[in-house]
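The values are calculated or read from the model by the stated rules, or taken from the named source; none is laboratory data. This structure is a prediction, so every number in the text was calculated from the model and none was measured. Neighbour counts run over all protein chains shown; Cβ positions are idealised from the backbone, glycine included. The protein model used for the area step is the full one, side chains on, heavy atoms only, and it has no ligands, DNA or RNA in it. Shrake-Rupley method; radii C 1.70, N 1.55, O 1.52, S 1.80 Å.
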Amino acid sequence: RFGHKRGGDFALLERMGKGLNFVARAMPPVKVDGERVSSSVIRERLAAGDFVGAEGLLGRPFSIDGHVVPGNRLGRELGYPTANLHLRRRASPVEGVFAVRVEVDDVLHPGVASLGVRPTVNEVAEPLLEAHLFGFVGDLYGRLIRVQFVDKLRDEKKFDGVDALVTQMHADAAAARRILGVRPVDA
């Protein structure tokens, strides 16, 4: 099914093909370990935090890529400078705080990321992906990066203030370092 209200089907593709000079061929479902691969199943796994299962169906780690945009530099002030990606109209099947690997120029950097609307500082209406790369030094503005999601740490939540948020950011970074095998001194 495809199109407006899922009104399109294979028969429609066949009819369109005759008029537009293409051939539609039905393919059997793709299966991995006996399970049908579908976007719905992949989204369900991602929403449940099953990144290993989603990777098995995708054939690669789940990731979001984009060009780094300037933010308000709050993360930098709090000791966690971030590379920010606007999702624009892309819907994400995940939200919360994650252990991640960020690809920059074909090199993976371990880090921690938040994807959501930043409820404590109330600064964005649409979801924003903010990734802090452990030990990274350099300017990423305007550069294309890919954020690979490894493990979900927690859901996004509103804190009673910036101090409580920073305390949680320290805990999130420590958890991400443990998951990714990064020594604590590599902040």
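Given a 1.4 Å probe and every protein chain left where it sits, what share in percent of the accessible area of the chain is carbon and sulfur? Display every interim value, and only then the final one.
On the way: 5990 of 11550 Å².
Of the solvent-accessible surface of the chain, carbon and sulfur hold 52 percent.
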### Of the DSSP H helices in the chain, those whose Cα atoms cover at least 24 Å axially and whose Kyte score averages -1.0 or more
162-180
### Dipole in debye (nearest 20) - the range 19-127, about Cα centre, beta carbon charges: Lys, Arg +1; Asp, Glu -1
320
### Task
With θ set to phi - 60°, apply the Karplus curve 6.51 cos²θ - 1.76 cosθ + 1.60 along the range 129-136 and write out the HN-Hα couplings as whole Hz, x wherever there is a Gly or Pro.
9, 10, 10, 9, 9, 5, x, 6
### Calculated FRET value between Ile179 and Arg89, using beta carbons and R₀ = 45 Å, to 0.05
0.90
### Query
For labels at Asp155 and Phe136 in the simple 7 Å Cα→Cβ model, what's the distance in nm?
2.8
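Counting Lys and Arg as +1 and Asp and Glu as -1, what is the net charge of the other residues whose Cβ lies under 9 Å from the Cβ of Leu115?
Details: positive: none; negative: Glu95, Glu130, Glu156.
Here the count lands on -3.
Full-extension gain between Arg36 and Val107, please, as 0.36 nm times their residue separation minus the C-alpha to C-alpha distance. Mind showing how you got there, number by number?
Details: separation 71, 0.36 × 71 = 25.56 nm, distance 3.25 nm.
Roughly 22.3 nm would be gained on extension.
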## Note on the structure
Distribution output for the chain: share of Cα-Cα pairs per 10 Å bin in percent, first bin at 0, values 8, 31, 30, 16, 10, 4, 0
### Task
Figure the gain on full extension for Ala11 and Arg60 (residue separation times 0.36 nm, minus the Cα-Cα span) and round it to one decimal in nm.
14.4 nm
### Task
Mind checking which of Asn84, Ala24, Ile179 is farthest towards the positive end of the chain's charge dipole, using Cβ charges of +1 (Lys, Arg) and -1 (Asp, Glu) about the Cα centre?
Ala24
## Note on the structure
Under 5 Å from the placed amide H of Asp65, counting only residues 5+ away or on other chains, we find Val147
